[in-house]
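The values are calculated or read from the model by the stated rules, or taken from the named source; none is laboratory data. Note that the structure is predicted; figures quoted are calculated from it, not measured. Counting neighbours? That spans all protein chains shown, and the Cβs are built from the backbone with ideal geometry, glycine included. Remember, those area values only see protein heavy atoms, side chains included, never the ligands or the DNA or RNA. Shrake-Rupley method; radii C 1.70, N 1.55, O 1.52, S 1.80 Å.
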Amino acid sequence: MTVEQLTKATAALKIQPLKRNFSLDALYPSFKVQPHIGTEFKRGIQIRDLLKAPNADELFLDLAVLIAERNVVFFRDQDLNFEEQKEFVDRLGKISGKPATSGLHSHPISEESDEFGEKNYEVSSVKNKTLEQGRRDRSEFHSRGFHSDVTFEVVPPDYTALRLRELPPEGGDTLWASSYEAYDRLSPAFAKFVEGLTAFHSGDGFIALEKAGLVKINAGPRGSPEDVGTHLSTSHPVVRTNPITGWKGLYVSSGFTKRINELSKDESDVVLQHLFNLYFQNHDLQVRFKWGKHDVAVWDNRSALHAATADFDADAFIRVGERAASLGEKPYLDPNSTSRRVALGLAPPTARRAHLASLAAEGKK
Ligand SMILES: [Fe+2]
């Protein structure tokens with residue numbers, strides 16, 4: 001499918017960008033962790049209180065916009081059970097207008113657990129040790145782990161919440177990177193070029209695990225009638241509009257994006273590597289979170305990539321938690337949407353400003 005076809009097919013799902021109502025600020029104060037990405041709520045604030053607040057809808061709408069604008073939001077030391085964690089992400093999606101057919105995601109390789117029921121994806125260093133066995137193609141570049149969750153699904157998640165309850169004494173941090181800011185690092189000419197492209201996403205790592213007899217893939221439906229089958233692959237636009245902010249972001253990741261459909265293999269490799277490098281090599285568009293027990297991170301899976309850090313001794317310590325993901329809309333590019341920097345009236349990134357200034361100076365010679 002071309003970008004035009006993908007966009008036309010999803011035009012009915014488009015909603016107007018939303019604005020913050022700032023209902024959170026008086027009772028639930030937060031601060032920016034980094035200029036471009038990440039907001040953290042003050043310690044003591046509980047998600048459970050938000051769920052039970054008399055003006056919960058107003059608060060959730062404000063939070064949905066805040067997360068979409070800041071990519072990822074952190075809550076420290078939460079007293080929250082998994083049913084509440086699922087309700088939390090589902091309400092964020094519903095209040096901000098996700099399609100009625102989008103529920104909570106069932107991960108293709110997750111099993112129902114006695115403790116947490118269905119729709120749970122366990123993030124576990126113990127499980128990873130088993131699943132990593134026999135993988136000969138692992139890169140020594142840790143940044144290759146950057147991904148947006150399950151983008152091989154036709155309908156991927158909008159909001160994802162992860163709580164960790166077992167942690168190593170140090171290490172195991174998670175990094176998030178802003179797809180808005182990565183898009184803003186493209187020159188206007190290159191941005192126009194990639195906006196005409198679609199990319200093939202595949203969960204081939206999970207298929208390999210099934211072939212090795214380590215997991216069984218759930219053929220679905222996995223939370224949306226369109227998330228079905230065991231092929232775990234689809235195509236999405238390379239640049240995606242976030243319907244909540246109306247901002248464009250790069251929607252590719254080294255985790256799942258395999259090929260740009262409209263380009264030759266060699267061209268695709270070069271272009272994708274450049275796009276990945278925008279995330280890998282720009283630590284000013286990343287935020288690194290040092291987890292405490294029972295902390296919750298909730299991110300906009302449409303506009304953020306993330307990567308965990310496997311720097312601790314997994315034979316001596318464990319890192320375990322649960323993830324719940326709400327499914328959003330089918331990704332689309334609205335050609336009338338804008339970049340975050342343009343929308344916020346921010347100057348272009350430093351290198352482009354310097355380049356434009358040097359061009360202007362040369363013109364005066
Ligand atoms: Fe993930």
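Quick one: in the stretch 254-275, which of the residues that are within 16 Å of the ligand (Cβ to nearest atom) and not in a strand (DSSP E or B) is modelled with the lowest pLDDT?
It comes out as Gly255.
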Notebook entry, point to check: Of (1) crowded, with 21+ Cβ neighbours inside 10 Å; (2) within 16 Å of the ligand (Cβ to nearest atom); (3) not in a helix (DSSP H, G or I), Ala310 satisfies all except one. Which?
Noted result: (1)
Next item on the list: Tell me, yes or no, whether the stretch 180-200 has at least one residue that is within 16 Å of the ligand (Cβ to nearest atom) and either open to solvent by 10 Å² or more (accessible area, probe 1.4 Å) or modelled with pLDDT of 95 or more (or both).
Entry: no
Notebook entry, point to check: Limited to the stretch 276-285, what total is found for residues that are open to solvent by less than 10 Å² (accessible area, probe 1.4 Å) and of a type outside the set (Phe, Trp, Tyr)?
Noted result: 1
Item checked: Scope the stretch 313-355; condition within 16 Å of the ligand (Cβ to nearest atom) and not in a loop (DSSP other than H, G, I, E, B); matching residues -> Val320, Gly321, Glu322, Arg323, Ala324, Ala325, Ser326, Leu327
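For Glu262, indicate whether it is among the charged types (D, E, K, R) and either over 29 Å from Arg319 (Cα atoms) or touching a His at 6+ places or on another chain (Cβ under 6 Å) (or both).
yes
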Next item on the list: Given the conditions (1) open to solvent by 30 Å² or more (accessible area, probe 1.4 Å); (2) modelled with pLDDT of 95 or more; (3) more than 16 Å from the ligand (Cβ to nearest atom); (4) charged (D, E, K, R), report the number of the one that Arg288 does not fulfil.
Entry: (3)
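For the stretch 307-333, name all the residues that are among the polar types (S, T, N, Q) and either without any contact (Cβ under 8 Å) to a residue 60 or more places away in the chain or in contact with a Pro (Cβ under 9 Å, 6 or more places away or on another chain) (or both).
Matches in the stretch 307-333: Ser326 only.
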Notebook entry, point to check: What are the residues in the stretch 146-163 that are near the ligand (Cβ under 9 Å from one of its atoms) and either outside any strand (DSSP E or B) or under 20 Å from Val65 (Cβ atoms) (or both), if any?
Noted result: Ser148, Asp149, Val150, Thr160
Note to self: Conditions first: (1) more than 22 Å from Asn120 (Cα to Cα); (2) at pLDDT 95 or above. Ala316 passes all but one, so which condition is the exception?
What the structure shows: (2)
Item checked: Among the candidates Ser106, Ser96, residue that is in contact with a Pro (Cβ under 9 Å, 6 or more places away or on another chain), among the hydroxyl-bearing types (Ser, Thr, Tyr) and farther than 15 Å from Ala324 by Cα -> Ser96
Item checked: Residues of the stretch 121-146 classified as of a type in the set (Phe, Trp, Tyr) and at pLDDT below 80, total -> 1
